[in-house]
Amino acid sequence: MSQLFTAVRLKPGETKIQIQGNQVIIQEKLYAFDRVLQQMTELPLQEMISQFNQGLSQAIFFYGQTGSGKTYSVQELLPRLLQLIYNTQKLEISCSVLQIYNEKILDMLYKQQLKIRYKNKEFEVENLTKLICHSPEEMMNIFQKAYKKRIINSHALNDQSSRSHCVYTIHGKCDEYSVEFNIIDLAGSERLNQTKVTNISESTDINKSLFYLRLVIHGLADQKPLNQIPYRSSKLTTLLRKSLQGRSNIVMVICLNCSDESLTQSQQSAQYGVKAKQIILHPTLHYDEKVEIIKNLRRQVKQLEEQLSIAREQLKIKEKNEKKYENRFDQVNLKNDESILKLLKLNQSLREQLDKYQSANLIREQQLQQLNNENQDLRDKIIIFEDIISEDIKRNKDKVQYMDWKEVFLDVQGSSFLEIIINKLIFYQRQQKNRLINTFISTTTKTKRSFSISRRDSQF
């Protein structure tokens, strides 16, 4: 943060204006400046060029009434300035020149009228011609050709009076930022009774644009809110907004006319310079939008590369650990596989034994079921014979014979049901000579297991 640098230069000649150090006395009023210039080389050019190479934009304004030597001072400054820039060149250098005449912006390198566009939060001249220069002589030659195209007329105070505001711009560019060095040669303020010009509208436009520039300077000096500063009131203030807002280092050179008739206007110009000195500047780097995007992308790429490098290292460690675990796992798996194979074989063997036991058990169950069926059939037959015998005994009522039969039955030990039945039947045959019983006994004795008796067939 710094204050605007002000300098004053008095046109040579007899004058009532007094100079005391860095102060100027006009009509007994004292005006203090940072420097009183005898030559343009006394400006802090080295410091400005150093800041320019670092990316901070610079601007030098030449302000004063018509005929005060502004254009002469500019032409004296340019060769020395260009020589210093190229001696410490660190940027790609190009140049452009334009003039503002009757609120029209004209390109002085390629004759055409230009427009101002609001772009990237700033006002910029659209399609302005920029020429790359490789030496101070080449750029100075371009500026001289452009100067010849400047609109000039004569009047009572100046035979070669500039009728337009002229802006010489030196553009610097690198990979990270773009920067400008503007030299603004303002048209001089005029009084019609002194200049006696015939084109009144021309003088009116000049004074009008300078009036709005004065309002902007006063607004910035008084630190008014941005919306109360009339930048858009003229093409000049709109175009210089980028520099006047404080984003550039500014040097204001006040040019004073030495004639007694111009004392009042010289006093006004001095007051203008003192007021401008109160402006607080905040120079900042001006990054090109595309360059800033590229820079951010490069930063992101660098971060991603670092993250990728870390990820690769972690992946290597992970793969190394995985190989260790895989070797251990393979060893464990081999042992487990052997155990599993043994268990599978044992399981298969147990299954085969189980199948054998199940098959044998099934055969035994079938045999048991068959025996149970035969046993049950014999029991049924025993019950039938017992019923037959019991009925017969009841009819005969022969207790002795019954007891004999019972003894015969009880004496049979370890005999099967079939043998018991046969014994019963034989005993009964002896007692009863019944034909039906004899037939049944004969059949049963021969076939043993192939007989069946029902109650219906055994009725007496």
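The values are calculated or read from the model by the stated rules, or taken from the named source; none is laboratory data. As the structure is a prediction and not an experimental result, all values here were calculated from the model. Please note: Cβ atoms are built from the backbone with ideal geometry, for glycine as well, and neighbour counts cover all protein chains shown. Just so you know, the surface numbers come from the protein's heavy atoms only, side chains and all, with ligands and any DNA or RNA stripped out. Shrake-Rupley method; radii C 1.70, N 1.55, O 1.52, S 1.80 Å.
Sort 15-24, 293-302 by the packing proxy (mean of other Cβ within 10 Å over each peptide's residues), most packed first.
Descending mean neighbour count gives 15-24, 293-302.
Place a label point 7 angstrom from the Cα of Cys174 along the Cα-to-Cβ direction, then list the residues of the stretch 69-106 whose backbone nitrogen is under 17 Å away.
85-94, by backbone N distance to the label point.
Which entries in Lys130/Lys290; Lys11/Lys148; Lys208/Lys290 show an alpha-carbon gap greater than 27 Å?
Over 27 Å apart, Cα to Cα: Lys208/Lys290.
Before anything else, pin down the relative contact order of the stretch 110-247: Cα pairs under 8 Å, at least 6 apart, normalised by residue count, whole percent.
Contact order relative to length: 17 percent.
With only alpha-carbon pairs counted, each pair once and no self-pairs, how large is the Kirkwood hydrodynamic radius of the stretch 197-289 in angstroms?
14.8 Å is the Kirkwood radius here.
Need one number: nm distance between label points at Leu371 and Glu47, each 7 Å from Cα along Cα→Cβ, rounded to one decimal.
Simple spin-label model gives 13.0 nm for this pair.
How much solvent-accessible surface does Arg364 expose, in Å² to the nearest 10, with a 1.4 Å probe and all protein chains in place?
140 Å²
Rounded to the nearest whole Å³, what is the per residue volume of the convex hull around the Cα atoms of the stretch 70-137?
Value for the stretch 70-137: 134 Å³ per residue.
Calculate the all-directions average of the projected area of the stretch 69-212's alpha-carbon convex hull, and give it in nm².
Across all orientations, the stretch 69-212 yields a mean hull projection of 9.5 nm².
So what does Tyr63 come to for accessible area, using a 1.4 Å probe and Å² rounded to 10?
Tyr63 has an accessible surface of roughly 10 Å² with all protein chains in place.
Which number do you get for Rg(Cα) / (2.2 N^0.38 Å) in the stretch 1-86?
That works out to 1.20 for the stretch 1-86.
Determine how large the accessible area of His218 is when every protein chain is in place; take a 1.4 Å probe and give Å² rounded to the nearest 10.
That residue has around 70 Å² of solvent-accessible surface.
Using a 1.4 angstrom probe on the protein heavy atoms only, could you order Thr129, Thr41 from most to least accessible area?
Largest accessible area first, the list is Thr41, Thr129.
Heavy atoms only, 1.4 Å probe, whole protein assembly: order Leu244, Leu378, Leu315 by accessible area, highest first.
In descending accessible area the options line up as Leu315, Leu378, Leu244.
Per residue, how many Å² of accessible area does the stretch 1-100 show with a 1.4 Å probe?
44 Å²
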